[in-house]
Protein chains: 2
Amino acid sequence: MRAAVRGRADPDEVRARIIEVAEVLFRSIGYQKTSMADIAAELKMSPANLYRFFPSKLALVEQICARVTGEIQAVAWRIARSNGSASEKLERFVVELHRHNKTVLLKDRRLHDMVSIAMVENWQSIERHIEQMRGVVESIIREGVESGEFKVADPAAMAHVVKSSFVAFLHPQLLEQCFHEDMEPLARGVARLVVKGLRAGD
Amino acid sequence: MRAAVRGRADPDEVRARIIEVAEVLFRSIGYQKTSMADIAAELKMSPANLYRFFPSKLALVEQICARVTGEIQAVAWRIARSNGSASEKLERFVVELHRHNKTVLLKDRRLHDMVSIAMVENWQSIERHIEQMRGVVESIIREGVESGEFKVADPAAMAHVVKSSFVAFLHPQLLEQCFHEDMEPLARGVARLVVKGLRAGD
């Protein structure tokens, strides 16, 4: 009996399956037009059972967002831990993440809508993501200071500054506006100017 | 007779009066909820007469946008033409325009909505504005090159780069998201880092 199987299913597996189905529906029908009842129906669950796992659509979107931002953070840390000078890593940080965000967030406009909703409704999780990304930049700057490449008195504060100068190439809403432009040369230009500034010291 | 007076009125004055009334209505009722009929009624004009001056609400919003962006450009050029080194001017450019945009665009949320609509519907006029602002940055960079302050081979291309690094502090949608944060120290930090980079040369 299917009901019995579902009854005995691992709750983590059920949660993962719910998120997967919700994402498919959000992407194909759109976040606003998908109801919790639609998701439950697709999973052959009762809505009441679905609500035991996730109290709202927003809770589901948070999970999807966590996956998307987690992937971005993984790309960022991979760059920070790769071989090369701190200057090269900073340039790769902005260029490769620009490319990644453009591909992942915008290839599917509906996913982008979902992230935009999350940015408004669930600012805290986005703040955590921004803080993580700032942490990656700080780690690259610290490496540059240790190797004698950069002259920076306060790497944590400078990470904020450097990250702000990269916003045009990483922020989903701005990427959307400039989607058809090739912004890579400009991103590279900003990275190189910033690196010169970091090398020059105070 | 009022109708006769209006009939003889200077068309430029009529246009100015229409824009003024439209802005008041857009601000108080909101852009979406204001119709051309509302604007005509407020002006005691027939809708047909209003349409002779402006073919659509969007045409009206374009005029209001042109005024707002014109004011921003005036602030920018005033900074470029003021006394001081090119480095000081670049810092004032981002800090003072950040303050100006925050005050003018966001003190009134409805005006901001209007500008957002214009940014989507009328991208060309925004492009022109962005180009104007890039021109101001280029003029400051050229001045710095002439005075020996900056070492830059291509001031026009570098103006693009520098302007991109300032986006976080000037873009209306980003200002909206960070409205309650004091971003001035960060704006100053980016300007100083950029100036160091411009001084360091290639």
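With respect to the conditions (1) among the hydrophobic types (A, V, I, L, M, F, W, C); (2) modelled with pLDDT of 90 or more; (3) more than 30 Å from A:Arg92 (Cα to Cα); (4) surrounded by fewer than 19 Cβ atoms within 10 Å (Cβ to Cβ), A:Ile39 falls short on a single one, namely (4). Among the residues of the range B:36-57, are any closer than 28 Å to B:Leu170 by Cα and either charged (D, E, K, R) or not assigned by TED's automatic domain parsing to the domain that holds B:Val120 (or both)? Yes, because at least one residue in the range B:36-57 is closer than 28 Å to B:Leu170 by Cα and either charged (D, E, K, R) or not assigned by TED's automatic domain parsing to the domain that holds B:Val120 (or both).
Every residue, every condition in (1) touching a helix residue (DSSP H, G or I) at 6+ places or on another chain (Cβ under 8 Å); (2) of a type in the set (D, E, K, R); (3) part of a helix (DSSP H, G or I), yes or no:
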position: A:Asp12; (1), (2), (3): no, yes, yes
position: A:Phe26; (1), (2), (3): yes, no, yes
position: A:Thr34; (1), (2), (3): yes, no, no
position: A:Ala41; (1), (2), (3): no, no, yes
position: A:Gly70; (1), (2), (3): no, no, yes
position: A:Asn83; (1), (2), (3): no, no, no
position: A:Glu88; (1), (2), (3): no, yes, yes
position: A:Val94; (1), (2), (3): yes, no, yes
position: A:Val104; (1), (2), (3): yes, no, yes
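Out of A:Ala168, A:Ala200, which single residue is within 8 Å of chain B (Cβ to nearest Cβ), at pLDDT below 95 and under 15 Å from A:Arg99 (Cα atoms)? Step through it out loud before you land on a result.
Values: A:Ala200 fails: under 15 Å from A:Arg99 (Cα atoms).
Of the residues listed, the single one that is within 8 Å of chain B (Cβ to nearest Cβ), at pLDDT below 95 and under 15 Å from A:Arg99 (Cα atoms) is A:Ala168.
Scanning the range A:43-58 for residues that are without any contact (Cβ under 8 Å) to a residue 40 or more places away in the chain, in a helix (DSSP H, G or I) and surrounded by fewer than 16 Cβ atoms within 10 Å (Cβ to Cβ) yields A:Pro47, A:Ala48, A:Asn49, A:Tyr51, A:Arg52.
Conditions tested, residue by residue: (1) modelled with pLDDT of 95 or more; (2) farther than 26 Å from A:Leu60 by Cα; (3) surrounded by 15 or more Cβ atoms within 10 Å (Cβ to Cβ).
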site	(1), (2), (3)
A:Glu91	yes, yes, yes
A:Arg99	no, yes, yes
A:Lys102	no, no, yes
A:Leu105	no, no, yes
A:Trp123	no, no, no
A:Glu127	no, no, no
A:Gly135	yes, yes, yes
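Could you grab me the full set of residues in the range B:59-86 that are closer than 17 Å to B:Phe169 by Cβ, out of contact with any His (no Cβ under 6 Å at 6 or more places or on another chain) and of a type in the set (S, T, N, Q)? Across the range B:59-86, the qualifying residue is only B:Gln73.
Only one of the numbered conditions (1) over 23 Å from B:Leu175 (Cβ atoms); (2) crowded, with 17+ Cβ neighbours inside 10 Å; (3) not assigned by TED's automatic domain parsing to the domain that holds B:Arg134 is not met by B:Phe26, and that is (1). Suppose we keep only residues that are touching a residue at least 40 places away in the same chain (Cβ under 8 Å) and in contact with a helix residue (DSSP H, G or I) (Cβ under 6 Å, 6 or more places away or on another chain) within the range B:146-169. Which one would you say is farthest from B:Ala86 (Cα to Cα)? Per the criteria, the residue is B:Phe169.
For the range A:142-156, which residues satisfy the criterion of being surrounded by 15 or more Cβ atoms within 10 Å (Cβ to Cβ) and of a type outside the set (D, E, K, R)? Walk me through it before giving the result.
Going residue by residue through the range A:142-156, those that are surrounded by 15 or more Cβ atoms within 10 Å (Cβ to Cβ) are A:142-145, A:149-150, A:152, A:155.
Answer for the range A:142-156, where residues must be surrounded by 15 or more Cβ atoms within 10 Å (Cβ to Cβ) and of a type outside the set (D, E, K, R): A:Gly144, A:Val145, A:Phe150, A:Val152, A:Pro155.
Candidates are the residues of the range B:175-189 that are within 14 Å of B:Leu97 (Cα to Cα) and part of a helix (DSSP H, G or I); the one that is nearest to the other protein chains (Cβ to nearest Cβ) is B:Leu186.
The values are calculated or read from the model by the stated rules, or taken from the named source; none is laboratory data. Note that the structure is a prediction, hence the values are computed from the model and not measured. Glycine also receives a Cβ, built like all others from the backbone with ideal geometry; neighbour counts cover every protein chain displayed.
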